[in-house]
Amino acid sequence: MTHDVLLAGAGLANGLIALALRAARPDLRVLLLDRAAGPSDGHTWSCHDPDLSPEWLARLKPLRRANWPDQEVRFPRHARRLVTGYGSLDGAALADAVVRSGATIRWNSDIATLDAQGATLSCGTRIDAGAVIDGRGAQPSRHLTVGFQKFVGVEIETDRPHGVPRPMIMDATVTQQDGYRFIYLLPFSPTRILIEDTRYSDGGDLDDDALAAASHDYARQQGWTGVEVRRERGILPIALAHDAAGFWENHATGPVPVGLRAGFFHPVTGYSLPYAAQVADVVAGLPGPLTTDALRAAIRDFAIARARRDRFLRLLNRMLFRGCAPDRRYTLLQRFYRMPQGLIERFYAGRLTVADQLRIVTGKPPIPLGTAIRCLPERPLLKENA
């Protein structure tokens with residue numbers, strides 16, 4: 001069995017690559033392999049509208065489960081509504097779009113070995129391809145030092161309208177626990193809402209039952225009663241230091257990593273959809289026959305350039321995780337959300353200007369100056385991984 005492009009994993013990163021490839025080159029035979037029985041309902045990929053190019057926003061907006069024209073945040077000493085569009089995409093809609101594009105998804109396909117020429121399934125079937133991409137999720141890397149964004153969300157059908165008109169990106173008025181804690185709300189309908197207890201923590205352990213109970217407690221405090229219909233959970237990396245060149249030296253052969261596996265996520269927020277769209281554009285924009293080596297060179301160049309642009313964002317993370325007491329981390333975000341809306345949009349999109357960066361770190365220091373200076377270099381953190 002031979003295909004032009006083989007994508008290991010049928011999640012977000014590979015799903016967007018498949019969509020972009022089939023749109024740009026509908027003659028390509030694109031195959032996605034995933035060990036799951038079908039698309040998961042345990043993922044909600046969200047982002048702000050300005051995070052995406054106009055082309056990707058137009059492509060994904062009809063697929064989203066919900067689109068909102070605005071959003072809000074809430075802190076002990078500051079609350080704000082932002083008139084920035086926001087939307088959420090789920091696994092079922094993405095998988096359906098991939099199949100309708102003409103790509104093939106093979107579920108229940110457990111990969112025993114994956115190499116630059118194809119995959120061998122655990123059943124013994126061999127599938128060859130001209131180009132092979134690995135998007136099977138995050139793996140620890142000595143080239144990436146991280147904190148953790150941990151969450152458990154419960155989606156409930158309320159007995160009566162919950163009254164939440166727009167996403168609550170952060171409600172940090174809750175008791176601070178295990179680092180920076182906030183509640184994230186997505187109102188999918190007048191009686192359907194996702195309540196997600198989120199922690200920016202030093203450790204990657206996740207007590208699912210405790211965070212789910214905390215989400216239900218928040219619902220009761222708001223007077224919402226109803227039935228839980230869905231649950232999602234995650235442990236996302238928050239980048240403190242990143243050696244992209246070293247990472248790609250270690251991946252000079254074999255399949256080409258993408259998605260969280262390659263460190264493609266917003267360093268501060270953990271949002272991966274905008275970065276996945278950018279990588280998909282790189283893949284779809286390659287001329288001529290697609291080969292694993294050609295993809296590797298293009299994605300490596302993108303990754304190194306992207307990591308260079310994200311250096312300031314990783315500095316902000318070091319200030320948050322290494323320069324601020326865990327129960328005071330919310331004060332940095334509270335201060336940040338007083339900034340102009342355009343700056344906040346550019347922050348989420350990973351397009352901060354030099355003037356934006358100066359505005360974020362000047363004025364009343366969010367942490368003591370001496371502590372901030374110690375956070376500047378990221379190389380010592382990389383040595384911790386060695």
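The values are calculated or read from the model by the stated rules, or taken from the named source; none is laboratory data. Everything quoted here is computed from the prediction, not taken from an experiment. Cβ: placed from backbone, ideal geometry, glycine included. Neighbour counts: every protein chain shown. In case anyone asks, the SASA skips ligands and DNA or RNA and just uses the protein heavy atoms, side chains included. Shrake-Rupley method; radii C 1.70, N 1.55, O 1.52, S 1.80 Å.
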Given the options Gly85, Gly130, Gly102, Gly118, name the one that is without any contact (Cβ under 8 Å) to a residue 40 or more places away in the chain and surrounded by 14 or more Cβ atoms within 10 Å (Cβ to Cβ). Gly85
Members of region 283-300 found to be surrounded by fewer than 20 Cβ atoms within 10 Å (Cβ to Cβ) and either hydrophobic (A, V, I, L, M, F, W, C) or without any contact (Cβ under 8 Å) to a residue 12 or more places away in the chain (or both), listed by number: Ala284, Leu286, Pro287, Gly288, Ala294, Ala297, Ala298
Unmet requirement for Met339, which otherwise passes all of (1) hydrophobic (A, V, I, L, M, F, W, C); (2) part of a loop (DSSP other than H, G, I, E, B); (3) at pLDDT below 95; (4) surrounded by fewer than 16 Cβ atoms within 10 Å (Cβ to Cβ): (3)
Of all residues in region 301-336, which are out of contact with any helix residue (DSSP H, G or I) (no Cβ under 9 Å at 6 or more places or on another chain), farther than 17 Å from Arg346 by Cα and open to solvent by 40 Å² or more (accessible area, probe 1.4 Å)? Ala325, Pro326, Asp327, Arg328
Regarding Arg328, is this residue in a helix (DSSP H, G or I) and either farther than 27 Å from Arg379 by Cα or more than 21 Å from the chain's Cα centre (by Cα) (or both)? yes
Can we say Thr198 is of a type in the set (Val, Ile, Thr) and either touching a Gly at 6+ places or on another chain (Cβ under 9 Å) or at pLDDT 95 or above (or both)? yes
Being open to solvent by 40 Å² or more (accessible area, probe 1.4 Å) and either of a type in the set (D, E, K, R) or in a loop (DSSP other than H, G, I, E, B) (or both) is the filter here, so list the residues in region 23-52 that pass it. Arg25, Pro26, Asp27, Arg29, Arg35, Ala37, Pro39, Ser40, Asp41, His43
Inside region 196-240, the number of residues satisfying the requirement of being more than 22 Å from Tyr271 (Cα to Cα), among the small types (Gly, Ala, Ser) and either assigned to a strand (DSSP E or B) or open to solvent by less than 30 Å² (accessible area, probe 1.4 Å) (or both) is 3
